[in-house]
């Protein structure tokens, strides 16, 4: 249960932070810190079990038959990454409290940061692969919001779009790979997948699975050739860079490769793909980092380089390389987060991050300079610091994987080490020399607590570098044991191993890096260079932007070819494609036609449908001349459909269709006023007339063919023999499992409750969308009645209707009937709702019936009269309806059953006797609320606009309004 709390707390804090006022900056920081402290306490409480090698699991069944359950799983590796996520989050929160400007919307910042922490915890704690992908994409979304936090800046918007496009595309590849991997393993459960390594490596799908999962991991961790997005993400605030781009988000791909290492590694394909990407990344990024002028740009490329180092270690495929990868992941997070924070302090206090302007800062901010120099030395791999130890292990592994004649890995490692020393010296140089006098602000030490996170991280760098076995040894053991299990090799974290080849390689890199930096400063003039030599033509950003422009251009051409602003050509194309698909399917399945059996002609049924066809054709004909008549005829065709459902023994469908016809007819009637009036047309030219005839002939032929095709499909569906099995199952199980005799209602709210939940969610979204589109036309409260001088007394719609006129029979229907009609309809709606589980009815029909009652009030009394006396609040209806439906599912989960599992309670009441109350009753109540809310929301938007259009159109017209000819 604590694992679930650990996941939920950040998202709860995210919602709470978003609701905080912007003025409460300290309260926001305290809220975020409290969430982090709770998470840290949970991790500390679980450490004894994790240290004993236990794997903690928490599972909530959702769709067990499909292997889709909420599974939280914590082993040593997940615990270690969770500690990294929560621990650095706390330091970043403290740092951001002093870094963020008073003008920044801080609630939004902490809300996004908390959401990202929750998503990252979800990634590392997921025990189900599909669930892992869900949280994976959530990290892409929340990082997009954080990178684009300063959305007024174009570079932030561009960097956020680039990061999201690349990482989300990789996430789609990961989803495909995960689905294939789960299919091969026979389950999406992580424990089952980790035990299926031999099965997968012997399977024909191994290479595509490896490629797809590698694309997801390499894009997230900014590995070649997808490394270009990370430098552009530096437009985010420095606390975001310190958290996302050094310790958490870019480590998600690394974590995925570590997690699936037992399944995917051990093959030449793994080594060449993962190891090759890592080596290319560490070489390329470390060289480019030397020529950066922005402090965060240098740190971005150095981050890419160190991530390439870790990826190369994972690609080697040896157990000791895995230990070194985990070790360097921890070390990199500490020294790189401290360097990002130090760069943010320099920017915050001096007003610039340009290394061409910064110099001599150790004289003005000596403590910050000391901390940054120590962290830079750790990044360079100086002895007695944590970076030296893990980099020495990297050197040792490059020697082991090579042969006596193949030392290309060791050579690449040394070259990368030389480059890393050179860019570390470039970062350090800003603290030396004569203090600059042309800075935007005079630098000085930051507030004490703003510097505290940097001090903590630098102390960790020193502690691990001097006492590795005591400080990080137990944690490293936990992570490595969780991945390697019985393959865990012996390794020594001592500071001194004697004079050996890895030590010699370390000193070669240090010496070579110093010499390279000196040569570049004197011969190449780093301060004036604008791009790295040799590699300036390799520009991933340019390739990405060219690809995006090509896609946009192709989409524009496709839109010109297939799209149009006119509705008729779009419908012609859509119907033609559907018709062609149907004809192709019918030709490919000739046996279906012979399997259909005929029945004797039912004359009343045929006459009924003849009447429906006449209404449909007449509606299409009248649409050209008289819209109101066309609407009435279309309603007649709908009533024929209702009677058809009754004849076919489907009263539930008939009730629903009748209510839908009623509501939609009224809403369309209100929408008719939005259409422009028809204008008299001049006599067309012969050529135009001929073109119009051809177009109408084409449309008529297409309509006839489509109608015949739908008639044929309907005929086949009705005439084919019913397949035994599924219908009989629902008939037999409706009462014992659903607690109701109305099989249709039980099917909707119980057996397919999840589908219905999705449908009412879509209905709510559609209603909100329609309201959002129309409310810009909604008149203000003071403009509901026109000024006296503009009001036409002859037009009742152009003025407010006094209550005495309503009650006195001013309307066509006496006002007293309005007071009686609505309660009667409400009683009928209640009746249909209460009986819906056992007889025709239910929440959908009851909601529509209740909406009809409200619509009648609008039609008979007008918008102002209804809303002045009835507080409808359609938004609340929607919200309460969705909450009721979700509460049904949540109640089942809390009771230990899968989501939306139905349960029937038997209550003994004094007067009523035994009462059966199914939990689906609450779900059906949610359906009722959403239907009422959606109808009222659309009705409110249309009624207001129609009323306003009517008043404005006839404000100065003394003649009553006539229906258009």
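The values are calculated or read from the model by the stated rules, or taken from the named source; none is laboratory data. Just so we're clear, the structure is a prediction, and the values are computed from it rather than from any experiment. All Cβ positions, glycine included, derive from the backbone under ideal geometry; neighbour counts span all protein chains shown.
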request  = Determine, yes or no, whether residue 276 is free of Cβ contacts under 8 Å to residues at least 40 places away in the same chain and surrounded by fewer than 24 Cβ atoms within 10 Å (Cβ to Cβ).
outcome  = yes
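Applying the selection to segment 177-189, what residues are part of a helix (DSSP H, G or I) and either surrounded by fewer than 17 Cβ atoms within 10 Å (Cβ to Cβ) or touching a strand residue (DSSP E or B) at 6+ places or on another chain (Cβ under 6 Å) (or both)? Steps first, answer last, please.
From segment 177-189, those part of a helix (DSSP H, G or I) are 177-185; that's our starting set.
The answer is 179, 183.
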request  = Select from segment 116-153 the residues that are assigned to a helix (DSSP H, G or I), over 16 Å from residue 253 (Cβ atoms) and touching a residue at least 40 places away in the same chain (Cβ under 8 Å) and list them in ascending order.
outcome  = 117, 118, 121, 125, 130, 131, 146, 147
request  = Taking residue 439 as the residue in question, decide whether it is in a helix (DSSP H, G or I) and buried (at least 17 other Cβ atoms within 10 Å of the Cβ).
outcome  = no
request  = Can you run down the residue pairs with Cβ atoms below 9 Å, 6 or more apart or on separate chains, where the first is in segment 842-868 and closer than 30 Å to residue 753 by Cα and the partner is outside any helix (DSSP H, G or I) and at pLDDT 75 or above?
outcome  = 842/742; 842/836; 843/836; 844/836; 845/836; 846/836; 854/872
key: segment 54-74: number of residues that are touching a helix residue (DSSP H, G or I) at 6+ places or on another chain (Cβ under 8 Å) and farther than 20 Å from residue 6 by Cβ   = 2
remark   = Pairs returned, first residue in segment 568-582 that is free of Cβ contacts under 8 Å to residues at least 40 places away in the same chain, second residue that is part of a helix (DSSP H, G or I), beta-carbon separation under 7 angstrom, 6 or more apart or interchain, are 573/562
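Touching a strand residue (DSSP E or B) at 6+ places or on another chain (Cβ under 9 Å), outside any helix (DSSP H, G or I) and surrounded by fewer than 20 Cβ atoms within 10 Å (Cβ to Cβ) - does that describe any residue in segment 291-299? First the steps, then the outcome.
Going residue by residue through segment 291-299, those that are touching a strand residue (DSSP E or B) at 6+ places or on another chain (Cβ under 9 Å) are 293-295.
Filter again for outside any helix (DSSP H, G or I), leaving 293-294.
If we keep only those that are surrounded by fewer than 20 Cβ atoms within 10 Å (Cβ to Cβ) too, we end up with 293-294.
Among the residues of segment 291-299, at least one is touching a strand residue (DSSP E or B) at 6+ places or on another chain (Cβ under 9 Å), outside any helix (DSSP H, G or I) and surrounded by fewer than 20 Cβ atoms within 10 Å (Cβ to Cβ), which makes the answer yes.
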query = Regarding residue 241, is this residue at pLDDT below 95, surrounded by 24 or more Cβ atoms within 10 Å (Cβ to Cβ) and not in a helix (DSSP H, G or I)?
reply = no
message = Need a quick list: helices (runs of 4 or more DSSP H) entirely within segment 806-898 having at least 3 residues that are in the same structural domain as residue 920 (by TED's automatic domain parsing) and at pLDDT 80 or above.
response = 815-835, 843-861, 874-894
note = In the set 80, 31, 8, the lone residue that is part of a helix (DSSP H, G or I), within 25 Å of residue 103 (Cβ to Cβ) and at pLDDT 90 or above is 31
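Can residue 49 be described as out of contact with any helix residue (DSSP H, G or I) (no Cβ under 9 Å at 6 or more places or on another chain) and assigned to a strand (DSSP E or B)? Before the answer, list the steps.
On the way: out of contact with any helix residue (DSSP H, G or I) (no Cβ under 9 Å at 6 or more places or on another chain): yes; assigned to a strand (DSSP E or B): no.
Taking the combined requirement at face value, the residue does not satisfy it.
Given the criteria modelled with pLDDT of 90 or more, under 23 Å from the mean Cα position of the chain (by Cα) and either within 30 Å of residue 91 (Cβ to Cβ) or outside the structural domain of residue 416 (by TED's automatic domain parsing) (or both), does residue 230 qualify?
yes
Would you point out which residue out of 161, 207 is at pLDDT 90 or above, within 16 Å of the chain's Cα centre (by Cα) and assigned to a helix (DSSP H, G or I)?
Details: 207 fails: within 16 Å of the chain's Cα centre (by Cα).
Answer to the selection: 161.
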inquiry  = I need the full set of residues from segment 291-337 which are at pLDDT below 90 and closer than 21 Å to residue 88 by Cα, in order please.
reply    = none
request  = Search segment 603-626 for residues that are outside any helix (DSSP H, G or I) and pair each with any residue that is surrounded by fewer than 11 Cβ atoms within 10 Å (Cβ to Cβ) when their beta-carbon atoms are under 8 Å apart and the residues are at least 6 apart or on different chains.
outcome  = 625/965; 626/963; 626/965
